[in-house]
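What follows is a set of notes on a single structure, which appears directly below.
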Amino acid sequence: MDFDVGAIFAGKVTGITKFGAFVSIAPGKSGLVHISEIASTYVSDVREHLAEGQDVMVKVIGIDQSGRMNLSIKSAVLTAVTPIDEPRQPHQPRQPRQMHQQPQIHQTKQQAPVSEPSFEDKLKRFMQDSDNKMSGLKQYSDRKGARRRGK
């Protein structure tokens, strides 16, 4: 197997840390997927996106001098998006490209369908949030004023 930068492999998540996940791509060969390379959106907790034992597609984005591999799930998914160009006749304007996206390999937690809350529920939630914010602001301004008065 050739472990060059840019190569894409199927791997299995072997460990999860707060800064990323370790993925095994061959017997005795693994690398780190940094938290910033897990998804194209902000990831605050790795465990929300990955689980140990989960199969994922990864792309090798770097190999350091020690031979450690830096891997990326989001780059592997973006590479799987391939443009499809249709042939066109001369002197005709170019049509926008269509994108064909293969299904993502990693799994996310499925959420149960949520019914739309009623107006009363929305208003109640808004009032609670507003009261919490106002009490926080009042406490902050009271403390700030006490410091100015020398108490």
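Is there a residue in the range 52-73 that is touching a helix residue (DSSP H, G or I) at 6+ places or on another chain (Cβ under 6 Å), part of a loop (DSSP other than H, G, I, E, B) and modelled with pLDDT of 75 or more?
The answer is no, given that none of the residues of the range 52-73 is touching a helix residue (DSSP H, G or I) at 6+ places or on another chain (Cβ under 6 Å), part of a loop (DSSP other than H, G, I, E, B) and modelled with pLDDT of 75 or more.
Going by what's in this entry, would residue 9 be described as outside any strand (DSSP E or B), in contact (Cβ under 8 Å) with a residue 24 or more places away in the chain and surrounded by 14 or more Cβ atoms within 10 Å (Cβ to Cβ)?
Working: outside any strand (DSSP E or B): no; in contact (Cβ under 8 Å) with a residue 24 or more places away in the chain: yes; surrounded by 14 or more Cβ atoms within 10 Å (Cβ to Cβ): yes.
No.
When you scan the range 24-47, how many residues do you find that are in contact with a Ser or Thr (Cβ under 8 Å, 6 or more places away or on another chain) and over 17 Å from residue 78 (Cβ atoms)?
Selection size over the range 24-47: 3.
The values are calculated or read from the model by the stated rules, or taken from the named source; none is laboratory data. The structure presented is a predicted model; accordingly, all values stated were derived computationally and were not measured. Cβ atoms come from the backbone with ideal geometry, glycine included; neighbour counts cover every protein chain shown.
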